[in-house]
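Here, each number is a calculation from the coordinates, and none is a lab measurement. Here the structure is a predicted model, which means the values were calculated and not measured. When we count neighbours, we look across all protein chains shown, and the Cβ atoms used for this are built from the backbone with ideal geometry, even at glycine.
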Amino acid sequence: MRREAILDIAIFALLVLFALVAFATGQNFAVTIATKIAILALAGVGLNLALGYGGLVSFGHAAFFGIGGYVTAILASHAANYEPLAFGLPGTTQMLVIWPVAMIVAGIAGLVIGALSLGTSGVYFIMVTLAFAQMLYYLAVSWPAYGGEDGLSFYVRNSFPGVNTLAPVPFFAICASLLALALLVSACLTRSRFGLALQATRQNPMRTTATGIRPFPVRLVAFVISAMICGLAGSLYADLNRFVSPASMSWHMSGEIMVFVILGGVGRLAGPIAGAAVFIALEQLLGPVSDYWLGLVGVLLLLIVLFAPGGITGLILREKRHG
Amino acid sequence: MTLLIEQALNGLQYGMMLFVMAAGLTLIFGVMGLINLAHGSLYMVGAFACAAVAAATGSYWLGLVASLIAAAFVGALVERLVIRRLYTRDHLDQVLATFALILIFSEGTRWLFGSFPLYLSLPPALAGAVSLPGGVTYPVFRLVIIAVGALIALGLWLLIGRTRLGIRIRAGEADREMISALGVDIGALYTAVFALGAALAGMAGALVGTLQSVQVGMGEPVLILAFVTVVIGGIGSIKGAFIGALLVGITDTLGKALLPVLLQPVLGAGAGPVGAALASVLIYLLMAVVLIWRPQGLYGARA
Amino acid sequence: MAEPILELTDLRKSFGALKATDGVSLTLLPGEIHALIGPNGAGKSTLIKQIVGEIRPDSGTVRFMGQGIDALDVAARARLGLARSFQVSQVIPDFTVLQNVMLAVMGAQGRVFRFLRPALRDPGLTEPAAQHLEAAGLAGREGVKAAALSHGERRKLEIAMALALQPRAFLLDEPMAGMGLEGAQQLTTLLSDLRAKAPILLVEHDMDAVFALADRISVLVYGRLIATGTVAEIRANPEVQRSYLGEEA
């Protein structure tokens with residue numbers, strides 16, 4: 001097995017181990033932290049597909065994360081109030097229904113935003129994705145039916161057949177399983193024909209076109225899949241907090257998801273787990289020490305960008321960034 | 001009707017400030033090829049410098065001068081320390097590093113000034129309102145902002161078109177190597193351009209901060225609108241930034257004022273919230289239309 | 001006369017006042033190597049770009065295998081079998097040699113959207129790719145990263161990628177550029193083998209190679225074709241001597 005694959009598995013195993021040790025020592029709060037890491041890492045895995053493998057520097061992925069969250073909260077709150085949604089459809093508290101809906105809605109948003117944005121490249125693409133995400137953010141803020149600026153809460157975590165989702169460990173297990181599944185899907189995708197084409201369009205679009213492959217549809221499909229994974233992560237995140245707010249689709253969130261990917265190492269499978277873990281660890285460790293911990297994260301991020309472009313996994317593997 | 005004129009003037013004023021922000025962004029991108037997310041932080045720095053100096057000295061005018069100087073100084077410093085290492089990097093690194101700068105600036109400012117908004121009071125000469133033809137009374141200060149924006153637009157146009165610095169800037173845009181071969185210190189030129197963009201942002205921050213309030217995070221919404229402006233106008237084009245800014249400013253202001261009213265007959269009581277929600281996305285729809293029609297922006301040269 | 005594989009009719013392209021392509025008509029016949037020569041700035045690359053679809057001519061038509069391809073984009077023309085090599089080698093640097101050729105095989109097949117099976121375990125990709133590598137003289141280098149190849153090997157990789165498109169015509173833009181004497185000789189042999197697979201439109205500065213390989217030569221000066229003919233005819237053409245070959249003599 002390649003060193004990188006071993007590292008991927010080791011990082012994932014560490015996260016699971018951390019949750020198990022926390023549970024064994026009765027620290028439920030730490031299990032919740034591990035759950036948060038798993039969910040944010042899932043969002044990172046989604047973004048990594050577009051950003052790391054496809055070279056699509058999207059600064060708007062919080063939009064999909066937030067959409068996943070809103071879909072979840074809206075379905076759950078309608079179910080709680082026995083109020084039908086549009087067309088008389090009922091709300092639901094079943095995760096197995098909520099997840100696909102969240103992914104489909106996020107995917108459709110990804111399709112529209114991607115189709116509009118992928119005609120541009122470079123800085124334009126960054127600004128355009130950022131702007132469209134901000135549009136959804138303002139829409140969420142100014143739409144009073146679902147909480148507007150205050151966000152939308154629901155009081156009971158959604159349910160999964162045969163699992164007590166309210167207990168920390170089972171919910172962690174759900175999130176970690178989905179993360180593992182997403183990693184597996186990512187690994188398959190990047191090695192497949194499609195993955196080959198995607199990475200080729202990143203490295204040399206002119207050559208790729210000259211071999212008969214149009215970059216646009218390849219990029220669009222990657223963008224949509226990436227949006228769907230972020231939507232799923234957003235759904236879990238809403239369930240973790242039993243709350244969703246416009247902040248989940250703010251550009252700070254987009255920046256943070258991007259930071260997970262970069263801290264971990266761009267285009268590395270398990271990079272986002274390492275990145276999210278470090279970010280949350282900093283939040284937990286520095287947060288109590290200083291109210292200004294985000295500023296310290298900024299300093300750290302700046303140093304990494306300037307002096308360690310391979311991120312954490314890059315440092316461990318002693319390699320520069322992919323691509 | 002008076003409402004319409006008033007809102008149109010508000011839109012113009014808003015557009016002018018967006019232009020001052022977007023001009024700096026587009027100049028920095030055009031000349032150095034750098035995407036600077038921290039531009040909004042410089043806007044905030046200017047506003048806080050103005051508030052602090054005005055509070056300490058009692059003079060709003062000194063505050064304004066301080067906003068220019070502080071933002072230019074901080075801009076130059078950041079350019080020397082961080083930004084110049086990013087010119088040869090890809091856009092991803094630029095985004096991350098300048099995102100990191102935002103975190104540092106925001107938390108640093110919060111540490112220095114706290115989280116509560118500061119308010120500036122206007123000197124008597126700028127306070128009050130004047131009557132305009134058509135029976136509209138309009139605040140003097142907003143008219144001053146419009147005039148300042150117009151002056152800056154004129155100034156930039158003269159600077160780029162008529163001066164040696166402008167020639168260097170245009171040459172730098174065309175060909176970095178050629179300009180260093182001409183014996184121009186390209187490092188100093190870049191610092192100067194960055195400081196100029198920063199000073200413009202700082203002044204915009206001070207002016208808008210006077211109108212609203214001065215607080216941490218104030219630069220971020222305006223930064224994103226400046227991005228929308230630049231995308232609409234075309235990257236690197238001052239003229240595009242000007243047209244784009246006015247389009248965005250007027251669309252946004254009029255949309256927010258008029259849409260709820262216009263939708264009233266159609267939607268009845270629901271018009272308020274729906275109109276407000278629609279108005280908040282109007283400029284992004286404008287951007288989407290421009291992207292479909294002209295992906296490189298109205299005055300953009302390259303795709 | 002055989003039906004031409006590639007036929008340009010009165011192509012014109014201006015950039016502002018500069019007429020980069022000024023009424024060029026040219027054919028590529030089955031089995032031939034047709035060399036396109038001309039001084040720097042004559043518009044050779046602009047012409048190639050119009051053939052592959054990278055830029056649109058202002059007027060004139062390009063026909064390929066008897067059909068008009070003016071409406072097709074670069075990828076569609078490539079899939080029809082219009083294989084191109086670039087003036088500056090264009091490969092996917094992080095891919096291995098094998099993966100590079102697999103990419104081209106995939107493009108030719110038009111089957112990109114397969115998401116699960118690892119491409120490296122897809123014999124429909126690996127087997128043709130390995131064959132093309134062997135034909136281009138790169139057998140044994142499959143696992144090397146393209147970025148680590150020598151200049152000459154990268155040229156060969158480009159040719160392997162061109163072969164993977166099942167080409168009906170090759171457009172080779174200065175394949176000899178930057179090659180040493182030995183490398184150029186090897187490549188000359190390789191190109192004369194390629195001719196058996198499809199005709200070649202060869203843009204080249206290396207006159208030894210052109211005279212050794214070409215069946216016909218066209219001379220482009222300031223966007224205009226001033227002559228087309230056999231090697232002997234072109235050598236004897238006074239206008240060509242004056243405006244081009246003369247420079248080197």
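Details
- Axis angle, to the nearest 10 degrees, between helix B:39-57 and the longest C-alpha principal axis of chain B: 80 degrees.
- C-alpha long axis of helix B:140-162 to longest principal axis of chain B, angle in °: 30 degrees
- Calculated [θ] (222 nm, deg cm²/dmol) that DSSP helices of n ≥ 4 give over chain A, each run adding -39,500 (n - 2.57): -24000 deg cm²/dmol
- Per residue, the average separation of C-alpha pairs within less than 8 Å and at least 6 apart gives chain C a relative contact order of 28 percent.
- Partners for C:Lys44 among lysines (Cα-Cα distance below 21 Å; same-chain residues under 8 apart left out): C:Lys13, C:Lys19
- Counting Cβ atoms of other protein chains within 10 Å of each Cβ in B:81-88 and taking the mean gives 1.
- Global form of the range B:1-75, assessed from the alpha-carbon gyration tensor, a/c cut-off 1.5: oblate
- DSSP H segments from chain A that extend 18 Å or more along their own axis, Cα-based, with Kyte-Doolittle mean of 0.0 or above: A:3-24, A:28-48, A:62-81, A:95-117, A:122-142, A:168-191, A:215-241, A:251-264, A:271-289, A:293-307
- For the range B:241-266 versus the range C:155-203, the inter-centroid distance based on Cα atoms is 60 Å.
- Given charges at Cβ of Lys, Arg, Asp, Glu: chain A dipole, positive-most of A:Tyr70, A:Gly88, A:Ala109: A:Ala109
- In this rough spin-label picture, where each label sits 7 Å from Cα along the Cβ direction, the B:Leu122-C:Ala71 distance is 6.2 nm.
- Of the beta bridges in the protein assembly as shown, as assigned by DSSP with both residues counted there, near 65 percent are antiparallel.
- For the segment B:288-299, counting C-beta atoms of other chains within 10 Å of every residue's C-beta and taking the mean gives 3.
- Bridging of B:Lys256 to lysines at a Cα separation below 21 Å is possible for none of them, once same-chain residues fewer than 8 apart are set aside.
- Chain A: relative contact order in percent, alpha carbon pairs under 8 Å with at least 6 residues between: 32 percent
- Of the chymotrypsin sites (Phe, Trp or Tyr not before Pro) in the range A:1-98, the ones in a loop by DSSP (not H, G, I, E or B) with at most 14 other beta carbons within 10 Å are A:Tyr82.
- Taking the C-alpha atoms only, the angle from helix B:60-81 to the longest principal axis of chain B is near 40 degrees.
- Column: log10 I(q)/I(0), Debye, Cα scatterers of chain B, q = 0.15, 0.16 Å⁻¹: -1.23, -1.36
- Sparse-neighbourhood loop sites, chymotrypsin sites (Phe, Trp or Tyr not before Pro) in the range C:41-125 - DSSP loop, at most 12 other Cβ within 10 angstrom: C:Phe113
- The length gained on full extension between A:Ser290 and A:Val163, counted as 0.36 nm times the residue separation minus their Cα-Cα distance, comes to 41.9 nm.
- For C:Lys156, a cut-off of 19 angstrom between C-alpha atoms picks up these lysines, skipping any fewer than 8 places away in its own chain: C:Lys145, C:Lys197.
- Whole-number D in µm²/s for chain C (Stokes-Einstein; Kirkwood sum over Cα pairs; 37 °C, 0.692 mPa s): 176 µm²/s
- Taking max minus min of the alpha-carbon positions on each principal axis, the protein assembly as shown gives extents of 90, 72, 55 Å, largest first.
- Ranking A:Gly162, A:Gln134, A:Thr32 by Cα position along the charge dipole of the protein assembly as shown, where only Lys, Arg, Asp and Glu carry charges on their C-beta atoms, puts A:Gly162 farthest toward the positive end.
- Only one residue of A:Ile6, B:Leu132, B:Val95 has its Cα farthest out toward the positive end of the dipole of the protein assembly as shown, where Lys and Arg carry +1 and Asp and Glu -1 on Cβ, and that residue is A:Ile6.
- Per-residue mean of C-beta atoms belonging to partner chains within 10 Å, peptide A:128-137: 6
- Span from the the range B:95-147 Cα centroid across to the the range A:250-323 one, whole angstrom: 34 Å
- Taking every alpha-carbon pair in chain A and binning the separations at 20 Å intervals from zero gives 33, 59, 8 percent.
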